[in-house]
Each structure stands twice: as structure tokens, then as C-alpha cells.
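The values are calculated or read from the model by the stated rules, or taken from the named source; none is laboratory data. Being a predicted model, the structure only gives us computed values, none of them experimental. All Cβ positions, glycine included, derive from the backbone under ideal geometry; neighbour counts span all protein chains shown. With ligands, DNA and RNA removed, areas are computed over all heavy atoms of the protein, side chains included. Shrake-Rupley method; radii C 1.70, N 1.55, O 1.52, S 1.80 Å.
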Amino acid sequence: MSAPTLSAEAATSATAAPAGPVAAARTEAPAAAVSPVADAYARLGEVFPGLGVTELGAGEAPPRGAGWAAAARLAEGGPDLDAFLAWDEAQVIRDHGTRARPDVVAGFGLHRYAWPACLLITVPWFLLRRVPRLTVDDVTFQREAGRMAVRVTTFACLPDDPAAALPGARVVPDEEALRAEVRAAVAGHLEPLLGGFGPRMRRRGRALWGMATDEVVEGLWYVAQLFGEERRALRELELLLPGSAQPYAGSAAFRELTGPDGESLPTRDRVSCCLFYTLRPADTCVTCPRTCDTDRIAKLTATAVS
């Protein structure tokens, strides 16, 4: 599944540009705080304006109302999740003229939260080698505006990082230990949400963690292209998710195709299915295992031309 535009349908290519602009919300974001990962969030906003991250200061309350959804409330699986998914259901009816199955709606809703939420952890790691720990209590999401409000209190870093002496720093010995911090931070944040969304999606265990694996890989892969560092991201993600890291299911699993002019076209096979084909059977995602390599090459080269 592609980069979500938050207020629009999922596109069909994991490496395609977002399908449309993010709608502006009439809400005031809280004043920005400064943390050891602030530069990474600023850089993310520069290359991907569809997502803006605001950090909350000590004692500052997270935003409420005007479409803001607290991650902790979504994880509860109650009325807040009902309201969150009602948006996805209405979007499918509006854009496709049909109703999606409830489990498909829930899958779309989880993707639209998990894709940007994983970036809150993976982008600081990729750009700064700093890994924030964010619980569900630390993140609030405004989907239509493409905004996330976060509270960063602790982070992991390497011994030679100048931030190692800062409050909240947890120093780890080497790159593999830092990768373990990324895996643990993402899993710690997503696990409660998988518990909330999972029953709606009719998925359990490996299927849910397969989706989490895909969100980690395809989110960073997408923004790394915007940073101009796709090749480094492919290498880093292969090391981050080699296929044996629990509770994740599957690996980054990148492979190379050859385009009509001999160009290299990176691709991968998703671990999970986003079920977009249930709305448009002839229009599968470019990383879907249902999509043959000939069709992948056509989609990827068409994206490059456009």
C-alpha cells in the first residue's frame, strides 16, 4: 500500500507520489518544543508536506477536538475508534461509489495511522541515529490535516552522539543495538493499536505483525526517496528487518527488476495484503504479491515518467 494522503484514498504504488493534497484543518497546532529528534521531524516536513509533526513541551496538553484522535483512545477499540473508522468508510463510499467490508475499512484506518506513526521512530533513526520511545499516550493524530502531536521524553543513541549526555538519553553500544531499539520502539507503540484494530480487521498474530512490517519498510522507503537516499534506505531496512526479528513477520525483502531501458527498479513483495483489490480488482498495489513483475515494471516506469 502506498503513502497515505490521510484525506484521500490509498494509491496503488508504494513508491508513487501522494494522490492529492492534504486538506487543511481549521485547528491551531500547539507551539513547537525542541527535542533531540526535532531536526529529523523538521526535515520530514520539508520533503513530505503532507505530514507535519509538532512536539509537545513538558506539561503541555495534547490537542483535542477538530478531528484530533488520541492513539491511546484508538487502542481501546471503543467509540473513538468507531468515529475514526467512520471517516474511512465515508471516504470509500465517496471515492468508489460502494461500501467496503468492515474489515477492509479497519485495515485502511490502521494503515493511515501506522504509516506516519512508524516514521516518528524510523526517520530520526535514519537521519540522526536517535530512536525516540513513544507510547500510545505520547501521540495524537489529525488525519485530515496531516498533523501529529508527539511528546518525546526518552531516546536511544550511540556513544559518540553529542546528545548522549542529554536528559532522557539511553546510550547503546553499536548499530545493531540501535536497530534493536528501533524494532522495540515500533513494536511497543503499535502493539496496543493492533489490539484495538485487530478484531475489526479479522486478523490476529502474524497477519497483524506482517502489516506492521510493511508499514515500517514502505514508509521509510518512500520518504528516503524524497531525501535522495533510497539506496541507503534499502540497505538499512534489510539490516533492520532481516526476517528473524520478532514479533515482526517477514523481512524487508527488496529485490531488483530491470526496466525497459535497463534501469534498476527496486521492488518488494508485501508480507500482508491491504485488500485494496476488493474495491478495484484490476488495480493491485505495485508491491502486492498478486502483481506480476511485468505489471510492476509498467507501473514503476509510468510513475517515473509522470
Out of 147, 151, 130, sole residue that is under 24 Å from residue 244 (Cα atoms) and of a type in the set (Lys, Arg) | 130
Qualifying residue in the range 102-117 (condition: hydroxyl-bearing (Ser, Thr, Tyr) and either over 18 Å from the mean Cα position of the chain (by Cα) or open to solvent by less than 20 Å² (accessible area, probe 1.4 Å) (or both)) = yes
Of residues in the range 232-246 being of a type outside the set (D, E, K, R) and surrounded by fewer than 17 Cβ atoms within 10 Å (Cβ to Cβ), the one nearest to residue 194 (Cα to Cα) = 246
Taking the condition modelled with pLDDT of 95 or more, over 18 Å from the mean Cα position of the chain (by Cα) and not aromatic (Phe, Trp, Tyr), does residue 169 pass?
-> yes
Name the residue, out of 43, 73, that is within 17 Å of residue 134 (Cα to Cα), modelled with pLDDT of 95 or more, of a type in the set (Lys, Arg) and open to solvent by 30 Å² or more (accessible area, probe 1.4 Å).
-> 73
Tally time: how many residues in the range 65-106 are in contact (Cβ under 8 Å) with a residue 60 or more places away in the chain, over 11 Å from residue 197 (Cα atoms) and not in a helix (DSSP H, G or I)?
-> 8
Quick one: how many residues across the range 259-285 are under 29 Å from residue 247 (Cα atoms), out of contact with any Gly (no Cβ under 7 Å at 6 or more places or on another chain) and modelled with pLDDT under 90?
-> 6
Condition set touching a residue at least 24 places away in the same chain (Cβ under 8 Å) and assigned to a loop (DSSP other than H, G, I, E, B), scope the range 143-163, selection most open to solvent (accessible area, probe 1.4 Å): answer is 144
What are the residues in the range 280-294 that are open to solvent by 30 Å² or more (accessible area, probe 1.4 Å) and part of a loop (DSSP other than H, G, I, E, B), if any?
-> 280, 281, 282, 283, 289, 290, 292
Take the range 118-137 and flag every residue that is open to solvent by less than 10 Å² (accessible area, probe 1.4 Å) and in a helix (DSSP H, G or I).
-> 118, 119, 120, 121, 122, 123, 124, 125, 126
If you check every pair at least six apart or on different chains, which have Cβ atoms under 7 Å apart with a residue in the range 190-212 that is touching a residue at least 24 places away in the same chain (Cβ under 8 Å) first and a residue that is among the hydroxyl-bearing types (Ser, Thr, Tyr) and buried (at least 18 other Cβ atoms within 10 Å of the Cβ) second?
-> 193/113; 207/272; 209/248; 210/272; 211/272; 212/248
Report yes if some residue within the range 174-183 is in a loop (DSSP other than H, G, I, E, B), aliphatic (A, V, I, L, M) and over 24 Å from residue 74 (Cα atoms); otherwise report no.
-> no
Take residue 140 and decide whether it is over 30 Å from residue 266 (Cβ atoms) and in a loop (DSSP other than H, G, I, E, B).
-> no
Among the residues of the range 215-231, which ones are out of contact with any helix residue (DSSP H, G or I) (no Cβ under 7 Å at 6 or more places or on another chain) and surrounded by fewer than 22 Cβ atoms within 10 Å (Cβ to Cβ)?
-> 225, 228, 229, 231
For residues in the range 192-214 being assigned to a helix (DSSP H, G or I) and open to solvent by 40 Å² or more (accessible area, probe 1.4 Å), which is modelled with the lowest pLDDT?
-> 205
Test result for residue 267, more than 16 Å from residue 210 (Cβ to Cβ) and open to solvent by 20 Å² or more (accessible area, probe 1.4 Å) = no
Over the range 169-179, the set of residues of a type outside the set (D, E, K, R) and touching a residue at least 60 places away in the same chain (Cβ under 8 Å) is 169
Could you check residue 249 against (1) closer than 25 Å to residue 294 by Cα; (2) open to solvent by less than 10 Å² (accessible area, probe 1.4 Å); (3) assigned to a loop (DSSP other than H, G, I, E, B) and say which number it fails?
-> (1)
